[in-house]
Amino acid sequence: MDIKNQVQKIDAMVAQGDIVNAVKVYFADNANTSDYSNSTTSSKEQMVNKMQGFLNAIAKVNGIKHHKSIVDGNSSASEFTFDFDMKDNSKIYWHEVIRREWNDKGEVIQEEYFNAQ
């Protein structure tokens with residue numbers, strides 16, 4: 001499987017705000033995730049539910065910018081900036097690196113988020 005092509009496709013979906021479908025399409029059923037606030041998921045289903053809940057809490061998307069990605073074997077890292085106004089009147093501004101491990105079928109098996117600020 002061409003991991004570089006998979007990275008380009010998932011990053012394009014994320015950049016368009018289609019995050020839930022990106023998880024549905026590109027995550028393995030047993031994929032796990034973790035972020036810099038120690039929040040974890042251990043399946044595609046959990047991550048879909050987490051992302052649906054997060055997206056439902058957004059009042060306005062001010063911007064999603066994909067800066068760059070690198071691929072090395074079955075590992076990738078993608079840099080994004082996310083800027084959201086939330087329904088609770090808070091603001092989210094994340095500049096982060098998303099590190100992914102991919103299986104031989106071109107599915108994400110692990111995704112980890114790092115604060116790039």
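The values are calculated or read from the model by the stated rules, or taken from the named source; none is laboratory data. Everything quoted here is computed from the prediction, not taken from an experiment. Every residue, glycine among them, receives a Cβ derived from its backbone with ideal geometry; neighbour counts consider all protein chains shown.
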Can you tell me which residue is surrounded by the most Cβ atoms within 10 Å (Cβ to Cβ) among those in segment 49-68 that are closer than 21 Å to N21 by Cβ and basic (K, R)? K50
With respect to G73, determine if the residue is touching a residue at least 60 places away in the same chain (Cβ under 8 Å) and on the phi > 0 side of the Ramachandran plot. yes
Please indicate, with yes or no, whether at least one residue in segment 8-30 is acidic (D, E), under 13 Å from the mean Cα position of the chain (by Cα) and either exposed (fewer than 15 other Cβ atoms within 10 Å of the Cβ) or part of a helix (DSSP H, G or I) (or both). yes
Scanning segment 35-47 for residues that are within 18 Å of R99 (Cβ to Cβ) and surrounded by 15 or more Cβ atoms within 10 Å (Cβ to Cβ), the one modelled with the lowest pLDDT turns out to be D35
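Matching residues to (1) crowded, with 16+ Cβ neighbours inside 10 Å; (2) modelled with pLDDT of 95 or more; (3) more than 16 Å from M13 (Cβ to Cβ); (4) under 12 Å from the mean Cα position of the chain (by Cα):
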site: I70; (1), (2), (3), (4): no, yes, yes, no
site: G73; (1), (2), (3), (4): no, yes, yes, no
site: D85; (1), (2), (3), (4): no, yes, yes, no
site: D88; (1), (2), (3), (4): no, yes, yes, no
site: E96; (1), (2), (3), (4): yes, yes, yes, yes
site: E112; (1), (2), (3), (4): yes, yes, yes, yes
site: N115; (1), (2), (3), (4): no, no, yes, no
Could you please find all residues in segment 81-117 being in contact with a helix residue (DSSP H, G or I) (Cβ under 7 Å, 6 or more places away or on another chain) and of a type in the set (A, V, I, L, M, F, W, C)? W102, V108
